[in-house]
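So the structure is just underneath, and the comments pick up after that.
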Amino acid sequence: MVAAKSLPKFIGIVIGERYHLTEELGSGSYGVVYKAVDLTNDNFVAVKVIRTVGRSPAELATIKREVALHSVVAHHESVVGLIDAFDTDEYCYMILEYIRGGDLFEQIVEKKSYQGKDELLRRAFVSLVDAVQACHDAKIAHRDLKPENILTSEDGSRLYLADFGLAMNQKMASDCGRGTSIYMSPEATGELTARQPFDPYLNDIWALGVILVNMITRQNPWSKATSRDADFSQFIMGPDFLLKEFPMSKGAFAIIREMLDLHPAKRISLRALRKAILSLDTFFHEEIVITPEGTAFTTTTFSSKATMWERMMVEDYYKEVRGGHGWQNGSASQILEARYRYREVQYDR
């Protein structure tokens, strides 16, 4: 694989005689994303630059598939628009809609946008469900749903699905282990299913369940859905583990439980999920408190000064490690580790 970090800097360059690249927004395993100005109308766009020279035939096919599948759903209001895509002798360029609000990771971890804000979280999550529904209706499974691949409006009220690098339009997937470990379903990791082929569309629903946990609690439920993960093992033994360990309402837990059913065929459908989210009274523990500074916590969970101080340390750690450019289309991997209520929290970026 040709590493994105090996690409030359494109800042200041005009590509396609139209797009002036002004700022690097982030990078992933395949490409680097820049903010650019469309010289024909002075509008901002995002440009994903992918080197094609030196790629294997399989990698080139992946790039072509990303462009093709993204273009099918790019018209949807909750999918990042794909304005154009073209090749030169060495590179593929994807011209994307520029989304000003950053990614969902930033909204959850850095801005704490959704804490205690039922209606904001509801609007945002429903817009994400609608985007995934549009993909599934078009026979496309995203397969890499995670906060870093989801962009947001500036106020966080609307989410935009991005990065179709792992997307596929087949009924079954056989390449277990592809994706981001925290958001992969047990059948996608393959450990509990002897790496049997799995339904990638039902894997998307599982990933949405983990994302909803993130949005409500600012935590990950586990690092990977395998028996070797202590937290996931507790979930296997009793799904009530989520309700006991994470500050969420019983109603939110009931919905998440249906999304994270260990039997893929029993998971809630996207249409039923949308209806359930719209009818839920609150996502949060009933004793949630919001300070004048905007910090939210539950009085039962954070009643002691020591526990509150520990939480402040975690937030400072997040800011220190996450400081840098967040992306528009799949940041380079990072592991954010912090001790929270005496348990490990990991964000695998």
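So the label point goes 7 Å from the Cα of D84 along Cα→C-beta, right? Which residues of the range 13-27 then have their backbone N under 17 Å from it?
So the set is 13-22.
Hey, any idea what the orientation-averaged projected area of the convex hull of the range 4-97's Cα atoms comes to, in nm²?
6.1
List the residues whose amide H sits under 5 Å from the amide H of V79, counting only those 5 or more places along or on another chain, with H placed 1.01 Å from N in the peptide plane.
Answer set, sorted by chain and number: L161.
For T52, list long-range residues whose amide hydrogen, built 1.01 Å from N in the peptide plane, is under 5 Å from its own amide hydrogen.
Here the answer is Y91, C92, since their amide H atoms fall under 5 Å of that of T52.
If you add up the charges near P264, with Lys and Arg at +1 and Asp and Glu at -1, over every other residue whose beta carbon is less than 10 angstrom from its beta carbon, what do you get?
-1
Run through the range 133-203 and list the GluC sites (Glu not before Pro) located in a DSSP loop whose Cβ has at most 16 other Cβ atoms within 10 Å.
Passing sites in the range 133-203 are E154.
Take each of the peptides 237-245, 218-226, average the number of other beta-carbon atoms within 10 Å over its residues, and list them starting from the highest.
Final packing ranking: 218-226, 237-245.
Mind scanning K112/K250; K35/K275; K139/K266; K64/K266 and naming the pairs with a C-alpha gap bigger than 27 Å?
K35/K275; K64/K266, as the Cα separations exceed 27 Å there.
Find out how many positive minus negative residues lie around D163, taking Lys and Arg as positive, Asp and Glu as negative, among other residues whose Cβ is under 11 Å from that of D163.
Neighbour charge sum, excluding D163 itself: -1.
Between V53 and S29, what is the label-point separation in nm under the 7 Å Cα-to-beta-carbon projection?
For the pair S29/V53, the computed spacing is 2.4 nm.
Counting only C-alpha contacts under 8 Å and six or more residues apart, can you give the relative contact order of the range 104-286 as a whole percent?
Dividing the mean separation by the residue count of the range 104-286 yields 21 percent.
Lys/Arg Cβ at +1, Asp/Glu Cβ at -1, dipole of the range 104-286 taken about the Cα centre: which of G177, C135, G165 is farthest positive-ward?
Checking the options against the dipole of the range 104-286, the answer is C135.
For the range 270-283, just list the computed ³J(HN,Hα) in residue order, Karplus coefficients 6.51, -1.76 and 1.60, θ = phi - 60°, integers in Hz, with x standing in for Gly and Pro.
5, 5, 5, 4, 4, 4, 5, 5, 5, 9, 5, 6, 8, 8
Provide Rg over Rh for the range 64-175; use the alpha carbon set for both Rg and the Kirkwood Rh (inverse mean inverse pair distance).
That ratio equals 1.00.
Read-outs: derived from the displayed coordinates by stated rules, not from any lab. As the structure is a prediction and not an experimental result, all values here were calculated from the model. Neighbour counts run over all protein chains shown; Cβ positions are idealised from the backbone, glycine included.
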